[in-house]
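Structure, as structure tokens:
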Amino acid sequence: MVLESLLTTPSTELFQSVLLPFIFLFAVFFGTLSMINRFHNKINIVLAIAFALFALESPLFVIVKEFFITYSTYAVIIIFFVVFVAGAVNWGYGRITDTYYENVSPSQRIRKLNKDLAKEYKELDKVRGDPEKEATARQHIRRLKDELDIETGRLRH
């Protein structure tokens, strides 16, 4: 009887009423199990599939299905907008900070360069043994030292 109703249901309705909510429930269960980090990844997949299949038969599934179909579009738009605005603000703040430090007095610029140089030395200590990352860190240090020499030369004159 269940198989007959599944076979006679139009594919778009079946997709929207069963498959999408199942995938959503699977993702929620799998994500939760992965965050708990109690089992191996393959066991998490099997458990998430089992939980999602059990949820298909529960009244909770109807609630999740209706909520998911009704509000998922709105949620995606809102999440996109929030992430976009947060990224734009973060990018703008970074640009403003860079512009400020490019135009401030040489002594402040020297302090910032020394701070960046200390960070790069710490990064160099972290990547010891990896030739490519070590070479990149050394290039950054060389660039910062060159900038520091230029700034200290401006300060003396």
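Where a number appears in this text, it was derived from the coordinates with a stated rule and is not lab data. Everything numeric here is computed off the predicted structure, so don't read it as measured data. In this analysis, Cβ positions are derived from the backbone assuming ideal geometry, glycine residues included, and neighbour counts consider all displayed protein chains.
Brief remarks follow.
- Calculated [θ] (222 nm, deg cm²/dmol) that DSSP helices of n ≥ 4 give over the chain, each run adding -39,500 (n - 2.57): -29500 deg cm²/dmol
- Among ASP149, ASP116, sorting on how many other beta-carbon atoms sit within 10 Å of each Cβ, with the fewest leading, yields ASP149, ASP116.
- Cα-Cα separations in the stretch 2-72 greater than 15 Å, expressed as whole percent: 58
- Highest-fluctuation residue, ALA137, ALA52, ALA88 considered, GNM on the chain with Cα pairs under 10 Å: ALA137
- Cβ charges +1 (Lys, Arg) and -1 (Asp, Glu), total dipole of the stretch 104-156, debye: 260
- Reach of LYS112 by Cα under 18 Å, taken over aspartates and glutamates that are not fewer than 8 positions away in the same chain: ASP98, GLU102, GLU120, GLU123, ASP146, GLU147, ASP149, GLU151
- For the stretch 104-156, the C-alpha radius of gyration sits at 1.25 times the compact-globule guess of 2.2 N^0.38 Å, with N the residue count.
- Projecting the Cα positions of LEU33, SER58, GLN139 onto the charge dipole of the chain (unit charges on Cβ atoms of Lys, Arg, Asp and Glu, taken about the Cα centre) puts GLN139 furthest along the positive direction.
- The angle between the Cα long axis of helix 20-36 and the main principal axis of the chain comes to about 50°, on a 0 to 90 degree scale.
- Summary: within the chain, the longest segment free of trypsin sites (Lys or Arg not before Pro) located in DSSP loops with at most 10 other C-beta atoms within 10 Å is 39-127.
- Projecting the Cα atoms of VAL82, LEU20, ILE43 onto the dipole axis of the chain, where Lys and Arg carry +1 and Asp and Glu carry -1 at the beta carbon, places VAL82 farthest toward the positive end.
- Its convex hull of Cα atoms gives the chain a direction-averaged projected area, equal to a quarter of the hull surface, of 15.8 nm².
- Computed lengthening from LEU56 to ILE36, 0.36 nm per intervening residue step minus Cα-Cα distance: 4.9 nm
- About its Cα centre, the chain has a charge dipole of approximately 920 debye under the convention of +1 per Lys or Arg Cβ and -1 per Asp or Glu Cβ, with nothing else charged.
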